[in-house]
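Enquirer: Please read through the structure below; I'll follow up with questions.
The numbers here are math on the coordinates, done by the rules we state, and not lab data. The structure displayed is predicted, hence computed values, not measured ones. In this analysis, Cβ positions are derived from the backbone assuming ideal geometry, glycine residues included, and neighbour counts consider all displayed protein chains.
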Amino acid sequence: MTNTIKLKPAAHIAIAFVVTLFAVMMPFSVYAAENTLEQKKQNTLKVGKISQWYTHNGMKVLFQQASSLPIIDFRLIFDAGAARDGGFKSEQGVVLAGLAKLTNGLIYEGADGLDANQIAEQFASLGVEYGNGSYRDMAIASIRTLSYEQQRNDALKLWIKILATATFPEEALQRESARMLVNLDYEDQTPAKKASRYFYESLYSNHPYGTPPGGSRESLKLIRQKDLVNYYQQYYVAQNVVLAIVGDLSESQARDYAEKISAALPAGEKAADLPDARQNSTSIVVRENHPSTQATVLIGQPVLKRGDKDLYALYIGNHILGGSGFSSRLMKEVRVKRGLTYSIGSYLVPMHAQGPYQFSFTTKKSSTEEAIQLVEQQMKLFIEQGPGEEELSNAKLNITGSFPLRQTSNKDIVENLAVIGFYELPLDYLDSYNAHIEAVTLEQIKSVFKQRVHPDKMAMIVIGPDVEIKK
């Protein structure tokens, strides 16, 4: 049985669709040219073993020494993404969607005695790169500094002051709220972004992941400065964050800096675990007319958590089916043989709760239904029969061969540590990754796809020209 939802036609100018990898800090690379791979293998940084500990007030720390360059990366990963917005409501009872993004976005806009310009000028004078980011699972604040003692000490002192005394100025809140409202208009004009929003709403209608990170027109107008302060005080605390440190310093120095950073935050409490994301009992189809030149199609369902025992079998299976560019089945069948699309792919997005397994492509109006049917056929065929021996062998070679590309810079390493720490993966996750890939069998792939991927329970979003309801 299928629930079909018909939405009002959009009357906006179309902006070309760009295929994106729907992944959150995936700790592996998918595809690389052979000569580039060999070159980057030679440039892989020499790094020490990963160390993990907790500070006195409960902050989890992961450290890896990388002394090839005089650089240190500090990254705080808070369990404070958009999935936590549901715990905050306006006086009118409206969930304050967008609160996590606004709170994170305004961290560097003001601190005790400093405005945004002064913060930027002081960081610039020290040669420091600073940044932040907000996603469904997590919120990030980071700095990169030279490892020379005076500069790193001054950089940490400034960063700690900002973390401890962020003020969230009212004028910055108004500016960013207005910008996010404009961005919602842009999303309505962009088939890919609109399709992504409908996709998550359809998959997670009764789950925190269904809350739009960018907020809604209603919620953004209701968020007040006190809401940002309350959110920050609840979630930006030592027991709700992981600190990843990578660079040119010793472990004893890293421990000292970690204690100073941790002391700037209240101990607080760790955020509650997110509920499981269950698959829909039936398929859901959302179709909307849009004045674009092509139709954008997303198909998928919640499948995989981070750290799931079936990750490796699902990942290799997806690599063969749709995750490996021109060598994937979907690319060969839909583009190469029939010319129905320019680009097509499938992606696993593991998160704290079950993240989506997503298929995405664009196609011209006249071939929309044919392309959809072909993708569904290939999906069902793969679930029924699984891959062949040669496909499995090639996939393993491609995945294990490209994996070293994820250790070619300090940025790569600190992102890997962030994933390991935040999702509580084993410290040997990277070292054992290729061995886990090599151990996957054809029968394991067949089994997990049959157990966990259900085409009759997927959501399908179609945004494009003259889209018609198909029952």
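Enquirer: Taking θ as phi - 60°, what are the ³J(HN,Hα) couplings along region 229-238 by the Karplus curve (6.51, -1.76, 1.60), each to the nearest whole Hz, with x for Gly and Pro?
Expert: Once rounded to whole Hz, the list reads 4, 5, 5, 4, 5, 7, 10, 8, 10, 4.
Enquirer: Please compute the modelled spin-label separation between residue 326 and residue 157, points set 7 Å along Cα→Cβ, answer in nm with one decimal.
Expert: 5.6 nm
Enquirer: Right, next: Please compute the contact order of the chain in relative form: average sequence separation of alpha-carbon pairs under 8 Å and at least six residues apart, divided by the residue count, as a percent.
Expert: After rounding, I find 26 percent.
Enquirer: Return the whole-Å distance between the Cα centroid of region 168-231 and the Cα centroid of region 56-107.
Expert: That distance is 17 Å.
Enquirer: Another question, then. Note the full-extension length gain between residue 365 and residue 226 as 0.36 nm times their separation in residues minus their Cα-Cα distance, in nm to one decimal.
Expert: Once the chain is fully extended between residue 365 and residue 226, it gains 45.2 nm.
Enquirer: Sticking with this structure for a sec: Just one of (i) 23; (ii) 29; (iii) 32 is percent of Cα pairs over 38 Å apart calculated from these coordinates, so which is it?
Expert: (ii)
Enquirer: Consider just the alpha-carbon atoms of region 47-263 and return their Rg together with their Dmax, both in angstrom.
Expert: When restricted to Cα atoms, region 47-263 yields Rg and Dmax of 18.4, 55 Å.
Enquirer: Right, something else. How many nm separate the modelled label positions at residue 182 and residue 54, each set 7 Å beyond the Cα in the direction of the Cβ?
Expert: Roughly 4.5 nm, to one decimal.
Enquirer: Using modelled amide H (1.01 Å from N, peptide plane; none on Pro or chain starts), what sits under 5 Å from the amide H of residue 354, excluding residues fewer than 5 places away?
Expert: Close amide H contacts, sequence-distant or interchain: 277.
Enquirer: Could you tell me which residue out of 66, 206, 160 lies farthest along the dipole of region 47-263 toward its positive end? Charges go on the beta carbon: Lys and Arg +1, Asp and Glu -1, centred on the Cα centre.
Expert: 206
Enquirer: Find, among the GluC sites (Glu not before Pro) in region 251-312, those assigned to loop by DSSP (not H, G, I, E, B) with at most 16 other beta-carbon atoms within 10 angstrom.
Expert: Of the GluC sites (Glu not before Pro), the ones in loops of region 251-312 whose Cβ has at most 16 other Cβ atoms within 10 Å are 269.
Enquirer: If you don't mind, another one. Could you pull out the trypsin sites (Lys or Arg not before Pro) across region 100-196 that fall in loop regions by DSSP (anything but H, G, I, E, B) with no more than 10 other Cβ atoms inside 10 Å?
Expert: none
Enquirer: Here's another thing I want to ask about it. Could you give the nm distance between label points at residue 442 and residue 260, where each point is 7 Å from its Cα heading toward the beta carbon?
Expert: Result for the modelled spin labels: 5.9 nm.
Enquirer: Give the aspartates and glutamates whose C-alpha is closer than 12 Å to that of residue 221, dropping any in the same chain fewer than 8 places away, or say none.
Expert: 176
Enquirer: What ³J(HN,Hα) values, in whole Hz, does the Karplus curve 6.51 cos²θ - 1.76 cosθ + 1.60 give for region 329-342 when θ = phi - 60°, with x put for Gly and Pro?
Expert: Here the 3J(HN,Hα) series is 4, 4, 5, 5, 6, 8, 9, 5, 6, 10, x, 8, 8, 8 Hz.
Enquirer: What percent do you get for the relative contact order of region 219-352 when only Cα pairs under 8 Å and 6+ apart count?
Expert: Result for region 219-352 is 18 percent.
Enquirer: Next question, about the same structure. What are the ³J(HN,Hα) values, in whole Hz, obtained from phi via the Karplus relation 6.51 cos²θ - 1.76 cosθ + 1.60 with θ = phi - 60°, for each residue of region 273-284 in sequence order, with x given for Gly and Pro?
Expert: 4, 6, x, 4, 9, 8, 6, 5, 6, 9, 6, 10
Enquirer: Here's something else I'd like to know. Can you tell me the dipole magnitude for the chain around its Cα centre, using point charges on the Cβ only (Lys, Arg +1; Asp, Glu -1), in Debye to the nearest 20?
Expert: Roughly 960 debye, rounded to the nearest 20.
Enquirer: Listed here are the pairs 365/457; 157/305; 270/446; 411/457; 337/457; 101/365; which of them are more than 30 Å apart at the Cα?
Expert: Where the Cα-Cα span goes over 30 Å, the pairs concerned are 157/305; 270/446; 411/457; 101/365.
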